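Below you'll find the structure, written out as structure tokens, and then a few comments.
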Amino acid sequence: MRRLLLAGVLALAAGACVPRSDGLSEQDWPDRSPRHDVVEELRADLLRARSAADGGGTATVAALRGPAVAGSPGSWRIVYRAGPAGVAVGGTVHLQVSPFWGWSTPQTERPEALGYTTIETAAAGVELSAETLDQQLLAVGVGGRPLAAGQEIVITYGAGPAGALADRYAERESRFWIGVDGDGDGVRELIGESPAVDVLPGQPARLLLHVPSTARPGDRVELNAALVDAAGNGWPAAAGTLDLRLPARVGLVDSRADSAAERERIVSLALAVEDRGRLVVPLRLSAEAGGVIRVRGRLMGAAAEPGFEAESNPLVVSPAGRRILWADLQNHSGLSDGSAIPDDLLRYAREVAALDAAAVTDHDHWGMRFMDGEPSIWRRTLDAADARNEPGRFVALAGYEWTNWVEGHRHVVFFEPSSGTAAGLLRSSIDERYDEPRELWAGLEDVRALTFAHHSAGAPIATDWSSPPPAELEPVTEIVSVHGASEAADAPGTVVRNALAGNFVRDALDRGYRLGFVGSSDGHDGHPGLAHLASPSGGVAAILSDEVTREGIYGALLARRAYATNGPRIVIRASYAGWPIGADIPAAAAAAGTVGPIAGVPEATLVVRAVAPGEIARIEVVSRQGASGKGALTGEALCGEGERECSLTVQLPGFQAGGYLYLRVIQRDGGAAWTSPFFFE
Ligand SMILES: [Zn+2]
Ligand SMILES: [Zn+2]
């Protein structure tokens with residue numbers, strides 16, 4: 001079943017799940033939750049009768065000015081050919097250029113302006129009319145005589161000198177959606193296969209260097225060097241020379257120089273056009289290597305003058321401590337209202353963003369087509385995740401967003417192979433059997449899956465926290481994303497729009513819920529892990545797991561061994577009396593200042609060390625002493641000017657059952673991290 005939403009609902013779709021900063025979604029999203037009206041419209045649309053002529057026909061697209069390049073003008077000819085039932089007088093053929101992200105709106109009024117579109121047919125007696133109905137949506141009306149089977153309408157999009165702008169995000173299969181109301185009753189349906197074009201990245205504009213955040217002395221690690229264009233699109237073509245400044249005790253793994261040098265040195269590597277803007281450089285850490293390693297690099301050559309400079313995220317080398325994995329567990333692909341096909345989205349996560357894990361989580365019932373009604377689309381996500389999952393190196397996960405406009409949005413991520421029948425079931429937010437959180441959770445009981453409430457404090461819809469999240473299905477919550485932070489009104493960085501007082505994550509903790517914290521991009525740009533390049537806020541999760549597997553990540557999240565950042569890969573090592581972040585700590589002992597299960601760790605001592613890409617302004621302690629009262633900022637350590645490493649050791653006894661404590665590490669540039677709380681019981 002393929003559905004094309006009515007214009008009104010589609011307009012909502014375009015603005016619903018992206019931040020205002022995106023520029024496209026300036027239309028006002030009403031400041032109210034819940035949205036019963038949206039659910040009613042979606043359900044009514046499902047019930048509308050479609051005639052055999054609706055959605056009939058085929059279409060093709062051809063580029064008239066060369067391939068589509070992200071954010072650049074082009075011109076395309078779309079040919080629609082009527083199906084067996086034709087299109088009646090009064091019927092319409094709709095061109096919905098992808099409403100995501102930045103394609104020009106097709107218009108037939110101003111030949112000089114962007115998006116100018118001409119409409120023609122050779123069918124004798126058929127009179128066409130055209131009207132721009134909404135963002136990126138043009139309706140072509142059939143008059144005079146019906147368009148008979150096989151007869152064509154030729155639509156030239158970008159026919160004027162200005163052309164039409166392509167999507168600012170590069171992607172394969174950007175669709176020119178064709179909807180047909182064949183009988184003229186006002187109800188339309190998408191044709192079976194709308195034509196698509198590939199949108200290529202623009203010129204390289206930035207070099208990104210990523211290394212793991214943690215390693216042991218003597219380890220081999222990979223440095224991932226990737227070029228992106230101005231919008232963060234990956235794999236732009238460029239050739240040049242990459243000069244890497246390797247710190248002392250870091251060696252290049254190759255046949256000639258296998259050992260790490262005593263002093264800093266520069267190595268030069270050739271970047272060929274075939275490398276598609278990406279080099280993976282294996283490095284070896286010396287057996288004595290300790291401390292913090294940051295690799296600087298500069299790309300010289302055809303790409304730019306005087307070259308792109310970059311510094312990697314910090315790598316903390318230590319024989320102790322769990323490995324930190326970076327994950328982005330919420331991403332929308334072009335299957336709903338995002339960019340890129342699922343396979344490319346996962347490939348970007350690994351090859352460009354150098355993440356350890358990523359999930360594709362398209363909307364169940366939102367966007368141009370609905371996954372809950374089309375098993376083949378949902379299958380594409382499941383298959384991509386299974387194909388890209390490589391235990392030990394990269395964890396690819398499939399999921400979907402339970403896009404509930406009454407209870408709040410939650411994404412569901414599966415941690416088992418999708419060939420398992422249970423994981424294959426998509427429990428839709430529009431399905432009355434699963435439209436309440438407890439029904440969703442009951443449906444997931446026997447499945448290795450987790451749910452994550454997101455943008456929970458406010459826009460586009462706040463979470464109804466009256467349903468207590470079960471620890472085995474919702475141990476952590478997404479505290480920050482492109483929508484901003486939902487932690488508290490005083491959260492660092494951007495706070496979600498239209499936040500409801502009393503509905504922040506901290507308020508949920510004050511209800512007694514034990515939730516760890518992750519960040520996810522909730523990205524719609526096809527750039528997992530790097531959404532903050534194009535948005536004031538992003539979101540990534542640091543997951544403390546030595547195992548780079550679905551099981552390892554699932555186990556760490558269940559134990560709340562995770563923390564969130566709004567983009568930067570900040571390393572945080574924190575413990576309370578030797579307990580890791582996310583732990584349940586016996587309160588009776590904590591109250592007396594006598595906890596301390598690990599030898600050598602002073603009792604009731606909070607130990608924090610932060611190492612960040614940017615300058616750290618301060619480390620803040622947010623806590624609640626016991627079961628009553630509200631959590632609040634209760635302490636802070638100011639860090640030295642220019643310091644990118646900062647530590648805090650403080651005695652904090654006196655916690656009672658129901659108390660909690662978490663940390664915020666705040667960079668001077670607004671980058672921030674939130675640790676999962678320590679809970680006292
Ligand atoms: Zn959402
Ligand atoms: Zn989302």
Run through all the Cα pairs of the stretch 49-198 and give the fraction in each 10 Å bin from 0, expressed as whole percent.
-> 13, 45, 32, 10, 0
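Cβ neighbours within 10 Å, averaged per peptide: list 72-83, 492-503 in order, most packed at the top. List each step's numbers first, then the result.
Numbers: 72-83: 20.2, 492-503: 18.5.
Answer by packing, highest mean first, reads 72-83, 492-503.
Cα-based Rg of the chain per 2.2 N^0.38 Å, rounded to two decimals?
Details: Rg = 26.4 Å, N = 681, 2.2 N^0.38 = 26.2 Å.
My calculation over the Cα atoms of the chain gives 1.01.
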Could you tell me which of Ala462, Thr381, Ser521 has its Cα farthest along the dipole of the chain towards the positive end, charges placed at Cβ (Lys, Arg +1; Asp, Glu -1), taken about the Cα centre?
-> Ser521
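If you rank Phe414, Phe452 by fewest surrounding Cβ atoms within 10 Å, what's the result? Could you put the intermediate results ahead of the total?
Numbers: Phe414 26, Phe452 30.
So the residues, fewest neighbours to most, are Phe414, Phe452.
Ala88: net charge of surrounding residues, Cβ under 11 Å, Lys/Arg +1, Asp/Glu -1, itself excluded? If you can, show how the numbers build up before the last one.
On the way: positive: Arg145; negative: Asp54, Asp181, Asp183, Asp185.
Neighbour charge sum, excluding Ala88 itself: -3.
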For the stretch 116-204, report the convex hull volume of the alpha-carbon atoms normalised per residue, in Å³, without decimals.
-> 126 Å³
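Percent of Cα-Cα pairs more than 21 Å apart in the stretch 361-430, please. Before the final figure, lay out the partial values.
Values: 550 of 2415 pairs.
Roughly 23 percent, once rounded to a whole number.
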Hydrodynamic calc, the stretch 30-120: Kirkwood Rh from Cα pairs, then Stokes-Einstein at 10 °C with viscosity 1.306 mPa s, so D in µm² s⁻¹ is 95 µm²/s
For q = 0.07, 0.08 Å⁻¹, Debye-computed log10 I/I(0) when each Cα of the stretch 324-680 counts as one equal scatterer = -0.27, -0.35
If each K or R counts +1 and each D or E counts -1, the residues other than Ala320 whose Cβ falls under 10 Å of its Cβ total +3
Kirkwood Rh, angstrom, the stretch 414-538 [1 / mean 1/r, Cα pairs] | 15.5 Å
Given charges at beta-carbon only (K, R positive; D, E negative), |dipole| of the chain in Debye | 1560 debye
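Whole-Å semi-axes of the stretch 128-169's equivalent ellipsoid, largest first, each the root of 5 times a Cα gyration tensor eigenvalue? Spell out each step's value before the answer.
Working: eigenvalues 127, 31, 21 Å².
For the stretch 128-169, the semi-axes come out at 25, 13, 10 Å.
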Calculate the radius of gyration of the Cα atoms of the stretch 204-317 to one decimal place, then report Dmax, the largest Cα-Cα distance, as a whole number, both in Å.
-> 13.9, 40
How would you rank Ser521, Ser467, going from fewest to most other Cβ atoms within 10 Å of each one's own Cβ?
-> Ser467, Ser521
Run through the DSSP bridge list for the chain and note the antiparallel percent, rounded to the nearest 5.
-> 85 percent
Largest to smallest principal axis extent of the C-alpha atoms in the stretch 344-464, angstrom = 38, 31, 28
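Values in this text are rule-based calculations from the coordinates and carry no lab data. The shown structure was predicted, so the numbers you read here are calculated from the model rather than taken from an experiment. Every residue, glycine among them, receives a Cβ derived from its backbone with ideal geometry; neighbour counts consider all protein chains shown.
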